[in-house]
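Engineer: Let me begin by handing over the structure; questions about it come next.
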Amino acid sequence: MPVSRRLGILAAAAVGLLALTGTDVLGGFTGTVVDPGNTMGSGSLVLSDAIGGQTCTSSGTAVSSDGATCPASPYGSALGDTATTTVSSVGSVAPTAAALAPTESCGVQELADSSPAASDTALAMGGTTYQAPGPMGGAAVSFNGTNGWGETLESFYDPTTYSITAWFNAPAGSATGGVIMGFTNAQYDTGQSMWDRILWMDPAGRLEFGTWTGNGPTTITSPGAYNDGTWHEVVVTMSDPGGKGRKGGKGGMKMYVDGAQVAASPNTTSQDYTGYWHLGWAPMASSWSTAGSVIARDPFWTGSLADLAVFPSALTPSQVTTLWGQTAQTAYAAALTADGPTAQWDLQDTGSTLYSGPIADVAGSTTYVDASGHGNTGTGEGGVTAGAAGPLGGRAASFDGATGTVQTTTQYPGPQSFSIAAWFQTTTSGSIISFTNQQANAGQTDWDRQVWIDPQGHVVFGVYPGHVEELQSPGSYADGAWHFVVAEVSPAGMELYVDGALVADNPGVTSAQVFDGYWHLGWSNAQTGWTDPPSNDYFTGSLAQVAIEPSALDQAQVTALYGAGTVTSYANAVVSDGATSYWPLTDDNAAACGDVGLTVQATHGATTTCLYPVASGACPAVSAAYLFGGLTFGVPLPPPGTRPTTLAITTGSGNLPGDAVGLHLAMGLALSGSNGPWTATLAHGDGYVVLR
């Protein structure tokens, strides 16, 4: 079934004077206006972004809106939603083509575990929203009460002495009830046969905490109601100092609200099983009803939650008082950490940090997207692993130095003027990239356009215009740190940059070997026939943000790439420079992402045209046949003075395994357009879609 998200589109217009380069941030989007050749003295490119009915505009270096602050992400993800944005064509400077690409390749969003172990990541599922207003000046995650919850990934065996803490905010007067947190024997929200250790709000607004004793439930209930639309803190503890059989000794169940104890029970028993914690959900069966207690019938939480944690001990009254006394979210989170939790979900997440581990019923993928919009997808072979920490605050792919490589699927003529840009991290010799006449790593008869690390740690760039030509950096870069290399050939010669600086050049080399071929990341044939070969054809370490540009980048462009600072800024620059291939290598959980399709539709007056996939009339329903991963399309321009063209971008998902339904996939996108020397880009780095 289709699911949509909202996406802003750039527009261009000739009005007033232009500051030649400007970067502005507002409401979750970044707009960049550039004239790299400095060939026009006046004019302006305008970026327009419609979010929630408001329009934010960037003109030169000034940012304005229609009188209100543009809302931040996340964008709409309701079933069947389609967002439209106006593309203006006022004046003579207007985009005639646009390219759409991921700014950070698709991945699964997480709710981070900030405990010392940091091992029990939760995944945002269904109707959850990041960055809701939170307590103590912080943020929170809101849950829609219908299908939103957090699914934790680490199992625990039979916690017997423990504490649960949470801040919660339930709508004023709400009678829906709902679970703040619970423990069950199944990871997903179906298939449970055992559940207890549940903290919930009943329809009257009272807090309840229940465990299963073997003979039935035991619950404690707050005398007061807290469904008042304000933030409250709850702490529940269970202690069993009696040890064997959980029968004797002092202890039991206690509940504290806003620093004060409000309920207690001598019960020291919880059900014995291995299970998972859930945020904002747990099963609530009628058998849990007890005398004097009204059970919540809806298992999903309605409202917002923040600063949830689980401890392997019963917090003392003094510890509870200390927590309640904190007035800033950061101080509260630090106090939680100091008490030694086994898991801690501060829920300050923005959705920009993605989970890189396995997901139930979702198989791994070897597909690495070409984010340039030219469809040159890479296929992982052997020991390549997604999700490593990368440069620019992003992620990377790690290569094992023995079998790992990414080879492209499209054969095309070897470029004569080109630039190779890549981030690399290694401590040994190996190959970063190469171009050969065979897709597999065997049977090559032609190979050049290669970048590798030699045994002394130097960066080497080689081409073969009928004879071996190499450039070598004077410095060594096999030091385990992230470095940025740009290697290029053009009529101006052969050049090698490392970390933004030109380190070697040869003006006499203006071409490479002529043959059709494939790019290989993490492998080359440089051990055969080259002057200063690597000690290993394979790469050992991590690679990220690899791009092929169709011309030589100048010093200013290299400097801009190296100094981009963020993955989004880097992607904007790569797309603006006209990349013919761009592999971010950040494709975590790409199997789920591979089920996402995308269409782009233009409307002018009564005329509708499907731009992607190309078709006359309206676009077909979104399906996995139109895979997300970058595209290029023409933007039809209306006659001057007539109604502007609008673009509608819609995403949808194909057939998914049950446990993938509800996952949030980050789908940060960048769109760029150009006219003559002018280029403009608009990036959304924190949007998402919900799989259904």
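Throughout, read-outs are computed from the coordinates displayed, never taken from laboratory work. A quick note: this is a predicted structure, and the numbers were derived from the prediction, not measured. Counting neighbours? That spans all protein chains shown, and the Cβs are built from the backbone with ideal geometry, glycine included.
Engineer: If packing is taken as the mean number of other Cβ atoms within 10 Å per residue, what is the order of 534-546, 168-180, highest first? Please list the in-between numbers first.
Structural biologist: Details: 534-546: 23.2, 168-180: 20.5.
Sorting 534-546, 168-180 by mean packing, highest first, produces 534-546, 168-180.
Engineer: Quick check: from the Cα gyration tensor, does segment 369-583 come out rounded (a/c under 1.5), prolate or oblate? The partial results should precede the final answer.
Structural biologist: Working: a/c = 1.15, a/b = 1.05, b/c = 1.10.
Rounded, since a/c falls under 1.5.
Engineer: What length, rounded to one decimal in nm, is gained on full extension from Asp505 through to Ala334, with 0.36 nm per residue of separation minus their alpha-carbon distance? Please report the intermediate quantities before stating the final value.
Structural biologist: Working: separation 171, 0.36 × 171 = 61.56 nm, distance 5.18 nm.
Difference between extended and current length: 56.4 nm.
Engineer: Rank the residues Tyr368, Tyr464, Tyr562 as a footprinting-exposure proxy: fewest other Cβ atoms within 10 Å of their Cβ go first. Walk me through the numbers before you get to the answer.
Structural biologist: Numbers: Tyr368 26, Tyr464 20, Tyr562 23.
In increasing order of surrounding Cβ atoms, one gets Tyr464, Tyr562, Tyr368.
Engineer: Taking the Cβ of each residue in Glu208, Glu110, Glu469 as the centre, tally the other Cβ atoms inside 10 Å and list the residues starting with the fewest. Each step should come with its number before you reach the end.
Structural biologist: Details: Glu208 26, Glu110 23, Glu469 20.
With the sparsest Cβ surroundings first, the list reads Glu469, Glu110, Glu208.
Engineer: Under the Karplus relation 6.51 cos²θ - 1.76 cosθ + 1.60, θ = phi - 60°, what is the ordered set of whole-Hz ³J(HN,Hα) values for segment 517-524, x standing for Gly and Pro?
Structural biologist: In residue order, the calculated couplings are x, 10, 8, 10, 9, x, 7, 8 Hz.
Engineer: Where the only charges are on Cβ atoms (+1 Lys, Arg; -1 Asp, Glu), what is the dipole of segment 113-348 about its Cα centre, to the nearest 20 debye? Display every interim value, and only then the final one.
Structural biologist: Values: 8 positive and 18 negative charges, 121 e Å.
In total the dipole reaches around 580 debye.
Engineer: With a ≥ b ≥ c the root eigenvalues of the C-alpha gyration tensor of segment 454-554, is it rounded (a/c under 1.5), prolate (a/b larger than b/c) or oblate?
Structural biologist: Note, shape of segment 454-554 comes out rounded.
Engineer: How high is the relative contact order of segment 119-209? Use alpha-carbon pairs under 8 Å, at least six apart in sequence, and give a whole percent.
Structural biologist: Numbers: 126 pairs, mean separation 19.1, N = 91.
It rounds to 21 percent for segment 119-209.
Engineer: Arrange the peptides 440-447, 516-523, 252-259 so that the one whose residues have, on average, the most other Cβ atoms within 10 Å appears first.
Structural biologist: Numbers: 440-447: 14.2, 516-523: 24.6, 252-259: 19.6.
Ranked by mean Cβ neighbours within 10 Å, highest first: 516-523, 252-259, 440-447.
Engineer: Under unit Cβ charges (Lys, Arg +1; Asp, Glu -1), what dipole magnitude, rounded to 20 debye, does segment 369-583 have relative to its Cα centre?
Structural biologist: Details: 2 positive and 19 negative charges, 86 e Å.
In debye, rounded to 20, segment 369-583 gives about 420.
Engineer: A further question follows. At 7 Å along Cα-to-Cβ for each site, give me the label-to-label distance between Ser193 and Thr403 in nm.
Structural biologist: Spacing of the two 7 Å Cα→Cβ label points: 3.7 nm.
Engineer: Which of rounded, prolate or oblate describes segment 113-348 when judged by the alpha-carbon gyration tensor and an a/c cut-off of 1.5? Mind showing how you got there, number by number?
Structural biologist: Working: a/c = 1.26, a/b = 1.14, b/c = 1.10.
Verdict is rounded for segment 113-348.
Engineer: Which of Leu561, Leu111 comes first, and how do the rest follow, when ranked by fewest Cβ neighbours within 10 Å?
Structural biologist: On the way: Leu561 25, Leu111 28.
Ranking Leu561, Leu111 by Cβ neighbours within 10 Å, fewest first, gives Leu561, Leu111.
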